[in-house]
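Notes follow once the structure below has been shown.
A short reminder: the numbers here are calculations on the coordinates, not readings from a lab. All of these numbers come straight from a predicted model, not from anything done at the bench. FYI the Cβ positions are ideal-geometry reconstructions off the backbone, even for glycines, and counts take in every protein chain you see.
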Amino acid sequence: MSDACCGGGEVVGGDAPARVRDIAEVRAAAVAGLALAAGIAAGLAGAGTVAVLCYGAALLVGGSTFVPQSLRALLRGRLSVGTLMAIAAIGAVILGELGEAATLAFLFSISEALESYALARTRHGLRALLELVPPRATVLRDGEPHAVAAEDLRPGDRLLVLPGERVATDGVIRLGRSALDFSAITGESLPVELGPGDEVYAAAINGRSAIEVDVTAAVEDNSLARIVRIVEEAQERKGASQRLAERIARPLVPGVLVVAAMLAVAGSLLGDPEVWLARSLVVLVAAAPCAFAISVPVTVVAAIGAATRSGVLIKGGAALEALAGVRVVALDKTGTLTENRPRVSEVVAAPRSSSAQVLATAAALEARSEHPLAQAVLAAAGSPGPAEDVEAVPGSGLVGRVDGQAVRLGRPGFVGVGALEAATERMQAGGATVMLVEVDGATIGAIAVRDELRAEAPSSVAALHRAGISTVMLTGDNRATAEALGRMAGVGEVHSELLPTDKAAVIQRFEAAGRTAMVGDGINDAPALATATVGIAMGAMGTDVAIETADVALMGDDLAHLPETFAHARRARRIMTQNLALSGAILVSLVPLAAAGVLGLAAVVAIHELAEVVVIANGVRAGRRRAFAAAMASLPTVPTGEFPQVVPVATGACADGCCETEAPVGTTADATQ
C-alpha cells in the first residue's frame, strides 16, 4: 500500500490469503462492526455503561487495523492517512463523542479490510499459477517409475509424463511424441505437437501419448516460478498516474494537519472553541487522501495480474501506462509476422543445369551454417556433399569450393542473375527470398525460400488499425520480398534492408511523432526494443533474455495477443483516470462542507469510505480474466485514412534475406518442387 494511505504498511505479499475470512483486517472489521452495533443497541435501551464498553471495544478493535502502522510510520518520520484518522478518533474521545470515535474506527477498518482483500486477491491470482505444478511427479530410475515430490526434482532427472498429466518442471523431451497444452502459461488454446529434442515447460498438460522428459530446471527455478517473481517485482514499478497520485497524497497529509489546526485556532478565537475543534476534526477526516493513494495501485496490480494469467507479462505500472499511450507499432518480420520456419518453395535451374545440382551445390556451402536460411536448404537437399575453403561474406552470402570448382551462393547483386532475371523477380514478387548459385563464374540456378505468414497476422494488424494504431514492418530482407509480405499482412509501412542498428534509428524517428512500441524476438532486435517507448518480446516463454530485457513479453506465439494487450492497457488507464477523478471530486466537495459544519464526523467518514469502496471495486475490475475480451470488444472502429501519421524513413542499406542479421521471409511453405 502507499505510505500516504492507511498506516504505511507493506503490500500484501506472495502468500496472501485467498479467502476473505483469512485476512486479519476483515476479521477485525467484522468484530468492530458487531461491537458498534451492540453499543448502539445498548444506548437505545438505556444501558449506558454497556454502550460505553461496546463503543470502547469497537474503537480498540477497529483502531488495531491502522493505529499500530500509523505509529510505526510516525517513528520513521512519515505521516499517513491512518495518522489523521487516529488523531480524529482521539479528539472525538476527548470531546466525549465515544460513539463517533467508534464509528470512525469501524468504517476506516472496513476500508483497510477491503484494500487488503483487493490486493490479496489480485496477488493470490498470480501466485495461483504456481499451483498448476503437480505436487508429485514420476521419475524413471534404472528404468523403473518412482513417485517423488515435485520440489525434489533436479536437473538430469528423467520424468515420465502420462496422458492428461501436467509437466512438473521445465525439460526436454527425450522419448515419445505428444500434443501438449500450454494455455495456462501462454494463453494459446491450441495444443502444440512436440517430440524428441523439443522443450516443454512447467504446468503444460500432456495430450494423447506418454513422453519421457529430461529435467532442465528445479521447480523453484523453472519458467513459471521466474515469471511470478518478475511480475511481483514489476508490480512495484510505478507509472506516471501512480506517481501523480502519490505526489498529491504525500504532501496533502501534513497539509491537512496544518489546515485543521489553523481552523481550530481561528475558530476558537472567533467563536465557540468546542464547535470549531469538532469541525477541525471533521475537516481532518474529510481531506484524508486515502482513496487518492489507493486508486492507482489497486488497478495496476489487478491489470498486471490479469495480463499474466492470459500469457502476457507486463513489467510494472510504467510499462502498463506506456502501452496505453502507444500510437505506432513497429513489427519485426521474422518470428513476429512470420512463423520463423523458412522452407525451400521453388528451385529454378539455368539451361544445362538441374534442380538437384543447384540444391546439392548450395547445401555443400550451407552445411556448417546455423542461419535459418541454411537449415531450409539442408532440409530440402538432404545429405550435403563436401566443400572446402568456405567463407561467409557478411551481408552477401558464402564462397567456397565444391569438387574443385569455385562456388558462390548469395543474394542477387552479389551473384549475377544471368538468364534467371525473370524468375528471380517473379519469386521475389511472390514474397520469397531468392538465393543464386554460381559455379566457376556461371549462374546455375536460383533457390526461393519462404517463411509462412502467421495465420493470425492480418487480423491482428487490422485490429491494431481499428484501435487507431499505425503499423510498420522492419526487416533486413530485400525490398521486393518485404513489400510483398507487408501487403499480405496489411501493415501500413515497410522498411527493408535494415541492420539492427538501422532499426533503432527508424524507431527514433517514429518516437518523434508519438509513443512507439517495437515487437521483436528480444535478442536480435535488442537495440530497437531498447529505443522504443515500449519493447515487446514475442514468443518469450523460456527465453530469459527476452523476459528480463523487454518491457512486455508475449509468452506464446499468438500474435492476436498483441492488440488484446493494447486494449487491456487502455482499459486499465481509463479505470485509473476514473478513480483519480472520483477521489479528487470527493476531496474538493467534502472539505468545504465539513468546514461549514454541514456534515458531521460520522457522515464524512461514511462518505469517504464509500468512495474508497467504489475506487477499490472499480480498480479490481481490471483484474478480471475476461477483461482482455471485454477490452477487445470495446475497440473503436477508426475509418481508413484516419490512422495516426508516422514520419517516413528511408530504406536501409543492408542485404536481403541472406544477410547474417535476419532470417528470410515469405508467405507460403511447400516442399521442394
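Here region 454-516 is assigned +1 on the Cβ of each Lys and Arg and -1 on the Cβ of each Asp and Glu. Its dipole about the Cα centre then comes out at about 180 debye. Sorting 488-499, 327-338, 582-593 by average packing, meaning the other beta carbons within 10 Å per residue, from highest down gives 327-338, 488-499, 582-593.
Amide H contacts for T533 (H built 1.01 Å from N in the peptide plane; partners 5 or more residues away or on another chain; cut-off under 5 Å): T516. Here the 3J(HN,Hα) profile of region 456-462, calculated from phi with Karplus coefficients 6.51, -1.76 and 1.60 at θ = phi - 60°, is 8, 4, x, 5, 5, 5, 4 Hz, Gly and Pro shown as x. For a test of the definition: using alpha carbon positions, the gyration tensor, and the 1.5 limit on a/c, classify region 304-343 as rounded, prolate or oblate. Here region 304-343 falls in the oblate category.
What ranking, highest mean first, results for peptides 450-462, 135-147 when packing means the other Cβ atoms within 10 Å averaged over each residue? Present the calculation step by step, with values, prior to reporting the outcome.
Details: 450-462: 20.2, 135-147: 12.2.
The peptides rank, most packed first, as 450-462, 135-147.
When DSSP beta bridges are restricted to pairs lying wholly in region 351-466, around 95% turn out antiparallel.
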